[in-house]
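Reading through the structure tokens given below for one structure.
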Amino acid sequence: MISPLLTRAGAVAADDPDTGVAAHYGEPSQEGRALEHGSGWIDRGNRGVVRVAGPDRLGWLHSITSQFLEGVPAGTATEALVMDTKGHINHHMSIVEDGTAVWAHTEPGGGAGLAEFLDSMRFMLRVEIADLSDQRSVLTLAGPERDQALSAVAGQLEDTPVRRTGDEIDLFLPADTLPTVTEALTGAGVRPVGLWAYEAHRIAAHRPRLGLDTDHRAIPHEMGWVGSAVHLEKGCYPGQETIARVHNLGRPPRRLVLLHLDGTAERLPERGSAIQLDGRPVGNVGSSARHHELGPIALGLVKRSIPVDAQFTVDGIAAAQEVIVSPDTGANANIELRRRPR
């Protein structure tokens with residue numbers, strides 16, 4: 001998929017895995033400031049889009065994902081994970097229930113795999129799954145003035161599910177309306193923002209991405225997804241035993257950190273590079289970006305036992321850590337041993 005918005009003046013294409021959309025539109029620092037102080041629209045049309053319709057959709061998704069979805073009202077927007085039986089993460093979904101269907105967007109190229117998995121789990125239930133990645137484009141509105149930005153194009157969103165979260169609005173636009181909607185937004189003073197600035201904004205907000213900040217061993221406790229994407233007051237879904245065991249009795253082997261990188265380096269660390277402490281590897285770096293205020297930053301996974309004030313070297317670049325997932329995460333059960341009286 002190549003976005004039609006790459007023909008805009010100043011647009012520069014992003015690198016893998018976000019090929020097909022813009023990294024920036026010529027002024028990445030100003031684009032980053034718009035996300036902090038105004039509003040911006042972000043072309044995320046490379047995201048996979050899956051629609052789940054049918055009267056059994058909510059109870060069914062409730063039973064196979066990590067999120068509480070049984071009977072939720074229209075407008076509910078949240079995150080959910082699909083895991084294997086060991087609690088390893090296969091899919092991350094950003095979802096909204098619009099009253100007639102659940103809409104989900106997932107990582108680029110992930111729509112077909114997610115739809116295939118969901119279809120394999122249908123059995124005799126009344127659900128209909130469609131991969132609409134080629135027909136729908138995700139457009140994100142972000143920044144403190146995002147609601148005003150949405151109102152500027154409200155009349156053009158007749159057939160568009162809207163996902164509202166605490167700091168963003170996702171529009172599941174019909175793909176052929178993407179140019180006209182973004183043109184109207186730009187005319188209303190909303191800034192075009194590329195993936196460079198958006199990714200810096202995401203990293204600074206401590207939000208990991210599946211496949212960039214995770215590996216095949218990652219579990220939700222390590223990534224800080226318990227609470228936002230994993231509901232602890234439900235059971236009977238793949239991976240639930242691992243979630244419950246870590247939450248009640250154990251601690252995850254690794255923890256997510258924000259890395260503040262040495263700003264004198266002229267490059268960002270290569271994804272997957274070792275995070276080193278005193279010359280020995282203690283983790284791996286994930287996504288990285290240059291934030292307009294914080295400078296170069298990255299997300300990384302390190303061993304839980306590493307001191308929270310440790311200083312690292314990442315791909316030859318000095319780095320300080322900011323705790324995202326506490327090393328004390330998990331082991332919440334208060335177990336008192338009862339002894340037989342003598």
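The values are calculated or read from the model by the stated rules, or taken from the named source; none is laboratory data. Nothing here was measured: the structure is a model prediction, and the numbers come from that model. Neighbour counts are summed over all protein chains in view; Cβ atoms, including those assigned to glycine, are modelled from backbone coordinates with ideal geometry.
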Selection status of ARG126, in contact with an Asp or Glu (Cβ under 6 Å, 6 or more places away or on another chain), farther than 23 Å from SER3 by Cα and among the basic types (Lys, Arg): yes
So ALA9, is it over 20 Å from the mean Cα position of the chain (by Cα) and of a type in the set (A, V, I, L, M, F, W, C): yes
Among (1) loosely packed, with under 14 Cβ neighbours inside 10 Å; (2) touching a residue at least 24 places away in the same chain (Cβ under 8 Å); (3) farther than 20 Å from HIS201 by Cα; (4) small (Gly, Ala, Ser), the one test that ALA265 misses: (1)
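Rundown of residues vs (1) crowded, with 22+ Cβ neighbours inside 10 Å; (2) under 16 Å from the mean Cα position of the chain (by Cα); (3) acidic (Asp, Glu), yes/no style:
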| residue | (1), (2), (3) |
| --- | --- |
| ASP215 | no, yes, yes |
| GLU222 | yes, yes, yes |
| LEU232 | no, no, no |
| PRO238 | no, no, no |
| HIS247 | no, no, no |
Members of the stretch 229-260 that are closer than 21 Å to ALA289 by Cβ and in contact with a Ser or Thr (Cβ under 9 Å, 6 or more places away or on another chain): ARG255, LEU259
Residue within the stretch 252-274 that is more than 22 Å from the chain's Cα centre (by Cα), small (Gly, Ala, Ser) and modelled with pLDDT under 95 present: yes
Scan of the stretch 296-325 for residues that are surrounded by fewer than 14 Cβ atoms within 10 Å (Cβ to Cβ) and under 12 Å from ILE203 (Cβ atoms), ordered by number: GLU322
So ALA204, is it at pLDDT 95 or above, in contact with a Ser or Thr (Cβ under 7 Å, 6 or more places away or on another chain) and not acidic (Asp, Glu): no
Segments classed as strands (runs of 3 or more DSSP E), wholly inside the stretch 1-115, with at least 2 members that are surrounded by 20 or more Cβ atoms within 10 Å (Cβ to Cβ) and touching a His at 6+ places or on another chain (Cβ under 8 Å): 48-53, 77-83, 89-97
Filtered residues of the stretch 142-174 (kept if in a loop (DSSP other than H, G, I, E, B), among the hydrophobic types (A, V, I, L, M, F, W, C) and under 17 Å from GLY75 (Cα atoms)): LEU157
Check on PRO28, touching a Phe, Trp or Tyr at 6+ places or on another chain (Cβ under 6 Å) and of a type outside the set (A, V, I, L, M, F, W, C): yes
Test for THR160: is it in contact with a strand residue (DSSP E or B) (Cβ under 7 Å, 6 or more places away or on another chain) and in contact (Cβ under 8 Å) with a residue 60 or more places away in the chain: no
Qualifying strands (runs of 3 or more DSSP E) (wholly inside the stretch 236-341; at least 2 residues being among the hydroxyl-bearing types (Ser, Thr, Tyr)): 280-291
Cβ pairs under 8 Å, 6+ apart, first in the stretch 1-27 and within 19 Å of VAL49 (Cα to Cα), second in a loop (DSSP other than H, G, I, E, B) and of a type in the set (Asp, Glu): MET1/ASP134; PRO17/GLU107
